[in-house]
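**Q** Have a look at this one.
The values are calculated or read from the model by the stated rules, or taken from the named source; none is laboratory data. This is a predicted model, so every value here is computed, not measured. As a convention, Cβ positions derive from the backbone with ideal geometry for all residues, glycine included, and neighbour counts pool all protein chains shown.
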Amino acid sequence: MTKNFEKINDSLIKRQKSEKNFKLFGLIGIICAISFLIIILTSIIIEGKKAFVSTYIKLDVFFDSKIIDPDNTKEDSVIKSANFNEIITKSILENFPEVTDRKEKIKLSTFISSSAEDELIKLIILDKALIDQKKELWLLASSTIDVIHKNPDMLNFPEDERLIDDKELKWFQWFLSEEKIKFSANKNFFSNADSTEPEQAGIWGAFVGSFLTLFVTLILSFPIAVAAGVFLEELAPKNKFTDFIEVNINNLAAVPSIIFGLLGLAIFLNVMHLPRSAPIVGGMVLALMTLPTIIIATRASLRAVPPSIREAAIGLGATKFQTVTHHVLPLSMPGISTGTIIGMSQALGESAPLLMIGMVAFIVDSPGSIFDSATVLPVQIYLWKSTAARGFVELTAAGVMVLLSFLVLMNAIAVYVRYKFEKKW
Amino acid sequence: MREQHIVTTYDEDLDKIKSDLFKMALIVEKQIYDSINLIKILDIKKAKEIIKSDDKIDKKEKEIRNLATNILTKRQPLADDLRKILIALKISGTIERIADHAANIAGRMSYVNNIPDSYLTDSIFHLGSLVLANYAKAISSYDKDSSKIAKVVPNLDREINSIYETCFREHLHIMMEDRETIGFCTQMLFIAKELERIGDLSKVISKEVLYNVEGVLK
Amino acid sequence: MQKNKIEAKKVSVFYNDKKALNEITLSIPEKKVTSLIGPSGCGKSTFLRCINRMNDTIEGCSMTGRILIDNKDINEKSLDPVLLRARVGMVFQKPNPFPKSIFENVAYGPKIHGLTQSSDELNELVEESLKKAGLFSEIKDRIHEPGTSLSGGQQQRLCIARAISISPEIILMDEPCSALDPIATAKIEELIDELAHNFTIVIVTHSMQQAARVSKQTAFFHMGNLIEVGKTDSIFSNPSEKKTQDYITGKIG
C-alpha cells in the first residue's frame, strides 16, 4: 500500500513535468499561429485601409457655356461630347497664373483624375442652371497624387525616385498649404468595376461576379448534393456498387480544383459552347467542386440523426420517403446548411478553376446577368496584384480585406446556423 | 453440485437462512427430548431451564424473519428461491410453536410434585419418542430438501394419533382405578395433547418441505 | 376459451447467415398482456420486431415461418408493411418523441394516414389519445411545447399516446421502462393495465418483477429458442424448465 504510494508519488513528478511540457508546446504552437495571423492581418489592414480613402482636390470650376454648349442647345448629347477636360485644366490653371508652358499645363491637368470629367458631365445634366456659373468642387485627384498624398515621406525622395518632378511637387505643396487637398471616402472602390486607373478601380464588379457565380453554384450543387446524399445514405442498398460510388465521392473531394477548371473548359466551353468568362460557367465549375463537400456533409448529418427517430416514424406506419422528408432531413438541415456554407466559402475563395474558363478577363462593367462576362473577388485580387501601377498595391490589400470579411461572415453564419437550429438529443 | 447464483452473496444469504433455521430446529429437538425426559426423571431445575430457553427460540425466530424480509427486499427472489424464503418463514413460525409446546410440557412437569408409584404406563414415553422421531424426520427432510423423507412424516403422524388415543384411554383407566392419581394423570393427559400437537406441527413442516421441492401446494 | 390474436408458427430469423430465432411457435391471446423475457441477445426483441415487420428495415435480415394476425399471414406480398404497422403500434426502449411539439407528436400518425377530416377532429383525437395515455392532465397547458421538454416518463407516455393515436389493435413494447425511474415505471405499468382492456399488448422486459406484475402470459427465450411459455403466475413461482428456473433466479445470464 505505502510502497505503491511512494512509487506513484515518485512517478507523479515526472508525469506532471511531461504534462507541463506538453501544455507549453501547445501554447507555443498557438502563439506562433496567432502571431502569424496578426502579422498578416495587420500588414493587409495597414496597406488596405488606404484604399478606402482617396485624395480630392478643391477647384473653383467655371462651367463655360462656350465650351460646354456653344449653341445653347441644352441637349444632353451635346453636353456629353463637350470637352470637359479643358474646363478642368482652366480651373486648375487659375491657381497658377505663372504656368504658361504647354507641357507644364498638361502636367498640371493630370493632377485631376480623368473620371472627374464624367462627374462634371453628370452634374451639368442634372442641373443645367450651372452653365456659366462658378462652383467650388472637390474633384478626385489622379492616382499619382493620391499615392504621394498617402505616403508623405515620398516628398523627401530624390526627384528621379519619386513619381513627380520638382515642379509638380511645388504645386502639390501649394495645394497642401492652401488646404485645397484632402482625403475623403473612396466611393469608387465600392461602386466601380475594374479600371486601368487605380483611383477609379473598384471591387463592386468582382463582388457582383462572385455573387452571381456563387448563386449558380448554390442552385446547382445544393439540390443535387442533398439528393445524392439522401439517396446514398437512406435509400440505396449497401453493395459493391454504392461502395464504389462512395469511395469516388470521397476521392472527388480531394481532386485539385484546377482539374475542375480544365473540365469546365473542355466540356462547358468547347463542347457546350457556353459563354466564356460568364458566372454561369464559373458557377457550374464551382458546383462540381462543391458537390462532394456537400454530399459528405449531408451524409454525415443524416447519419447523426438518431435511428430512434426513424424507428418511431416507421413504427407509426410512415413510408421511407415520409420518414426522410418529415423527420430525418429537417433534423439534419443544420448540419447540411453548415456544410453547404463552408462549401460555398471554399468556392468563394477559389480562383484556379475560374482562370481556366476565362474569368480572368479585364472587365470594366459590373455583370448584369449570369451570362455576362465577369470576374470574381479572388481573381480580381490576383489581377490587381499582377498590375504594375503603384496604386493597385493598396487595392489588392483592400480586396483581400473584402474577401476575408465575406469568408468570416459566411463561416460565422455557418456557426450560428449550427447552434441555432441544432436539436439536442 | 448445486447451481450457483451469479451474485454469490445471494447464495450466502440463502445458505445462512437455511443453516440458521436448521440450528434453531436442532435446539428445539433438544428441548423436546429434555421435556420428555422430565416425565421419566422429575427435575424442576431442568424444567425451568427449558421454559427459559423458549425465549431464545423466540429470538431466533425473529432473526430468521428479519433475514427473510431482508432477502425479499434485496433480491426479490423468484421460483425456488422464493419458495425457500416462504417455507423458511412458515417453518420458523412452526418450530417456534413446537418450542412453545415443549416449554408447556416442562411447565406441566414443574407442577408435578412426585410421580405416583402406581403409575406404570409406558404409552406416554412411547408417544414422546415417536413424536421426537417424527420431528427429527421433518427437520431432516428440510435439511436435505428430501421429499422422500418428508412423505414419511404424515404416515408416522397417523401412528402418533392412534398411540395418543391409546394413551388417553390408559390414563382414564388409571384415574378410575386410583383416585389419588387424578391430579397427576390430568397433567399427563395435557402433556400427551402437547405431544400430539408437536406431531401435527411436524406434519406442517414436512408439507412445507414438499411444497419447496415439488413447487406446488398440496 | 381465449381467442388468440397473434399466432407465430415456426418463426426463424436470420441476420445474414446467423440464426437469431429458432422455430418459435407462440400464441398471443387477444386483449391480454404477454411478456417476453430472457437474457440480452436471446431474440425476444427480434421476435417482437417480426410482428410489425420492423426487421424489414434491417439489411440482411430474413425470416422463415409464418406469423398470423387474426389468422392472416402478415408476410403476404399483398400486405403493405405500412398497413401492418398502422395495426401494430410500437413503443421503443428509449423514449423517442419527435423533436416537435407534443401536439405534433400525437397528430403525426393520424395526419400521415389521413384519419381525420377537420382540425377539430384532429384536436379531439390528440386530446383523447393523450388522455388514454394518462398524460393529458399533466400537460394540457403546454401541449404546444416541444415533446422533448417533458420528463423521461412523460416522454414515454407521449410515445404511447402517439402509438395509440392511430388506434392499432396490437401494441408492441420493447423494454419501455428500461430508461425510467421507479415512479415513472409504475405509471407506465398502470397505463399498461389500463390499455390491456382495449389492446393486445406484447412487452419485452428485463425486469422479471415487471413481467410478473403486468402480464398474464410469459414467454421465456434463450439463445434464440423459446424455452417455456405459460401463465405468468406459474412461470415465476414454479417454472417447469430448468433454464427458466435458472434465469429467473439469477443463475444464468
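**Q** Any chance region A:308-316 includes a residue that's of a type in the set (Gly, Ala, Ser), surrounded by fewer than 21 Cβ atoms within 10 Å (Cβ to Cβ) and under 30 Å from residue C:114 (Cβ atoms)? Spell out how you get there, then give the answer.
**A** Just the residues of region A:308-316 that are of a type in the set (Gly, Ala, Ser), to begin with: A:308, A:312-313, A:315.
Then drop every residue that is not surrounded by fewer than 21 Cβ atoms within 10 Å (Cβ to Cβ), which leaves A:308.
Add one more test, that the residue is under 30 Å from residue C:114 (Cβ atoms), and what stays is A:308.
Yes: one or more hits.
**Q** Would you point out the residue of region B:145-193, among those that are of a type in the set (Gly, Ala, Ser) and over 16 Å from the mean Cα position of the chain (by Cα), that is nearest to residue B:132 (Cα to Cα)? Break it down stepwise before answering.
**A** Taking region B:145-193 first, the residues of a type in the set (Gly, Ala, Ser) are B:146-147, B:150, B:162, B:183, B:192.
Cutting the leftovers down to over 16 Å from the mean Cα position of the chain (by Cα) gives us B:146-147, B:162, B:183.
Working: B:146: 19, B:147: 19, B:162: 16, B:183: 26 Å.
Out of the qualifying residues, it is B:162.
**Q** What do you reckon, is residue C:103 more than 27 Å from residue C:47 (Cβ to Cβ) and at pLDDT 90 or above? First the steps, then the outcome.
**A** Working: more than 27 Å from residue C:47 (Cβ to Cβ): yes; at pLDDT 90 or above: yes.
Yes; evaluated as a whole, the condition is true for this residue.
**Q** Among the residues of region A:149-189, count how many are farther than 19 Å from residue A:138 by Cα and among the hydrophobic types (A, V, I, L, M, F, W, C).
**A** The number of residues fulfilling the criteria is 6.
Every residue, every condition in (1) in contact (Cβ under 8 Å) with a residue 60 or more places away in the chain; (2) surrounded by fewer than 22 Cβ atoms within 10 Å (Cβ to Cβ); (3) more than 24 Å from residue A:105 (Cβ to Cβ), yes or no:
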| position | (1), (2), (3) |
| --- | --- |
| A:134 | yes, yes, no |
| A:173 | no, yes, no |
| A:186 | yes, no, yes |
| A:199 | yes, no, no |
| A:229 | yes, no, yes |
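**Q** Kindly evaluate residue C:171 against the criterion of being under 15 Å from the mean Cα position of the chain (by Cα), in contact (Cβ under 8 Å) with a residue 24 or more places away in the chain, within 19 Å of residue A:312 (Cα to Cα) and not in a helix (DSSP H, G or I).
**A** Details: under 15 Å from the mean Cα position of the chain (by Cα): yes; in contact (Cβ under 8 Å) with a residue 24 or more places away in the chain: yes; within 19 Å of residue A:312 (Cα to Cα): yes; not in a helix (DSSP H, G or I): yes.
Yes.
**Q** Out of (1) touching a helix residue (DSSP H, G or I) at 6+ places or on another chain (Cβ under 7 Å); (2) buried (at least 16 other Cβ atoms within 10 Å of the Cβ); (3) more than 14 Å from every other protein chain (Cβ to nearest Cβ), the odd one out for residue C:193 is which?
**A** (2)
**Q** Go through C:147, C:152 for me and flag whichever is under 25 Å from the mean Cα position of the chain (by Cα), at pLDDT below 90 and under 15 Å from residue C:188 (Cα atoms). Quick ask: steps written out before the conclusion?
**A** Details: C:147 fails: under 15 Å from residue C:188 (Cα atoms).
Result of the check over C:147, C:152: C:152.
**Q** Let me ask you something else. Under the condition of being out of contact with any Leu (no Cβ under 7 Å at 6 or more places or on another chain) and among the β-branched types (Val, Ile, Thr), which residue from region C:26-48 is surrounded by the most Cβ atoms within 10 Å (Cβ to Cβ)?
**A** Here is the first cut: in region C:26-48, the ones out of contact with any Leu (no Cβ under 7 Å at 6 or more places or on another chain) are C:27-35, C:37-42, C:45.
If we keep only those that are among the β-branched types (Val, Ile, Thr) too, we end up with C:28, C:33-34, C:37.
Working: C:28: 23, C:33: 26, C:34: 23, C:37: 29.
Among those residues, the one meeting the criterion is C:37.
**Q** Can you name the condition, by its number, that residue B:81 falls short on among (1) charged (D, E, K, R); (2) outside any helix (DSSP H, G or I); (3) touching a Ser or Thr at 6+ places or on another chain (Cβ under 7 Å)?
**A** Only one criterion in (1) charged (D, E, K, R); (2) outside any helix (DSSP H, G or I); (3) touching a Ser or Thr at 6+ places or on another chain (Cβ under 7 Å) is unmet by residue B:81, namely (2).
**Q** I'd like the residue in region B:24-48 that is without any contact (Cβ under 8 Å) to a residue 12 or more places away in the chain and assigned to a helix (DSSP H, G or I) and, out of all such residues, is farthest from the other protein chains (Cβ to nearest Cβ).
**A** It comes out as B:45.
**Q** Now, a different point. Select from region A:381-410 the residues that are surrounded by 14 or more Cβ atoms within 10 Å (Cβ to Cβ), more than 15 Å from the chain's Cα centre (by Cα) and farther than 17 Å from residue A:190 by Cα and list them in ascending order.
**A** Of everything in region A:381-410, those that are surrounded by 14 or more Cβ atoms within 10 Å (Cβ to Cβ), more than 15 Å from the chain's Cα centre (by Cα) and farther than 17 Å from residue A:190 by Cα turn out to be A:387, A:389, A:390.
**Q** On to the next question. Could you list all residues from region B:12-23 that are within 14 Å of another protein chain (Cβ to nearest Cβ) and surrounded by fewer than 16 Cβ atoms within 10 Å (Cβ to Cβ)? Walk me through how you get there before you give the answer.
**A** Residues of region B:12-23 that are within 14 Å of another protein chain (Cβ to nearest Cβ), as a first pass: B:12-14.
Scanning region B:12-23 gives a single hit, B:12.
**Q** Within region C:70-89, can you find the residues that are in a strand (DSSP E or B) and under 20 Å from residue C:199 (Cβ atoms)? Lay out the reasoning, then the answer.
**A** Within region C:70-89, the subset in a strand (DSSP E or B) is C:72-73, C:88-89.
Across region C:70-89, the qualifying residues are C:72, C:88, C:89.
**Q** Now, a different point. In region B:33-63, how many residues are farther than 18 Å from residue B:112 by Cβ and either among the aliphatic types (A, V, I, L, M) or touching an Asp or Glu at 6+ places or on another chain (Cβ under 6 Å) (or both)?
**A** Residues of region B:33-63 that are farther than 18 Å from residue B:112 by Cβ, as a first pass: B:33, B:52-63.
If we keep only those that are either among the aliphatic types (A, V, I, L, M) or touching an Asp or Glu at 6+ places or on another chain (Cβ under 6 Å) (or both) as well, we get B:57, B:61.
Result for region B:33-63: 2.
**Q** Could you look through region C:68-89, keep only residues that are touching a residue at least 12 places away in the same chain (Cβ under 8 Å) and of a type in the set (Lys, Arg), and pick out the one that is nearest to the other protein chains (Cβ to nearest Cβ)? I'd like the intermediate steps shown before the answer.
**A** Filtering region C:68-89 down to residues touching a residue at least 12 places away in the same chain (Cβ under 8 Å) leaves C:68-71, C:74-75, C:81, C:84-89.
Checking the rest, the ones that are also of a type in the set (Lys, Arg) come to C:85, C:87.
Numbers: C:85: 4, C:87: 9 Å.
Here the answer is C:85.
**Q** Enumerate the helices (runs of 4 or more DSSP H) found wholly within region A:131-235, keeping only those where 3 or more residues are within 21 Å of the chain's Cα centre (by Cα), modelled with pLDDT of 85 or more and within 30 Å of residue A:253 (Cα to Cα).
**A** Numbers: elements: A:143-150, A:166-177, A:187-191, A:204-230.
Helices (runs of 4 or more DSSP H) meeting the threshold: A:204-230.
**Q** Among the residues of region C:90-114, which ones are farther than 19 Å from residue C:146 by Cβ, more than 7 Å from chain A (Cβ to nearest Cβ) and either β-branched (Val, Ile, Thr) or outside any helix (DSSP H, G or I) (or both)? Break it down into steps so the answer makes sense when it comes.
**A** Of the residues in region C:90-114, the ones farther than 19 Å from residue C:146 by Cβ are C:90-91, C:93, C:110, C:112-114.
If we keep only those that are more than 7 Å from chain A (Cβ to nearest Cβ) too, we end up with C:91, C:93, C:110, C:114.
If the condition is that a residue be farther than 19 Å from residue C:146 by Cβ, more than 7 Å from chain A (Cβ to nearest Cβ) and either β-branched (Val, Ile, Thr) or outside any helix (DSSP H, G or I) (or both), then C:91, C:93, C:114 are the ones that fit.
**Q** If you don't mind, there's one more thing I want to ask. Anything in region A:296-311 that is part of a helix (DSSP H, G or I) and not β-branched (Val, Ile, Thr)? List them, or say none.
**A** To start, the set of residues in region A:296-311 that are part of a helix (DSSP H, G or I) comprises A:296-304, A:307-311.
Residues satisfying the conditions are A:297, A:299, A:300, A:301, A:302, A:303, A:304, A:307, A:308, A:310, A:311.
**Q** Residue A:321 versus (1) buried (at least 22 other Cβ atoms within 10 Å of the Cβ); (2) more than 35 Å from the chain's Cα centre (by Cα); (3) not charged (D, E, K, R): which is the lone unmet condition?
**A** Against the list (1) buried (at least 22 other Cβ atoms within 10 Å of the Cβ); (2) more than 35 Å from the chain's Cα centre (by Cα); (3) not charged (D, E, K, R), residue A:321 comes up short only on (1).
**Q** Name, by its number, the condition in (1) closer than 17 Å to residue C:91 by Cβ; (2) modelled with pLDDT under 90 that does not hold for residue C:160.
**A** (2)
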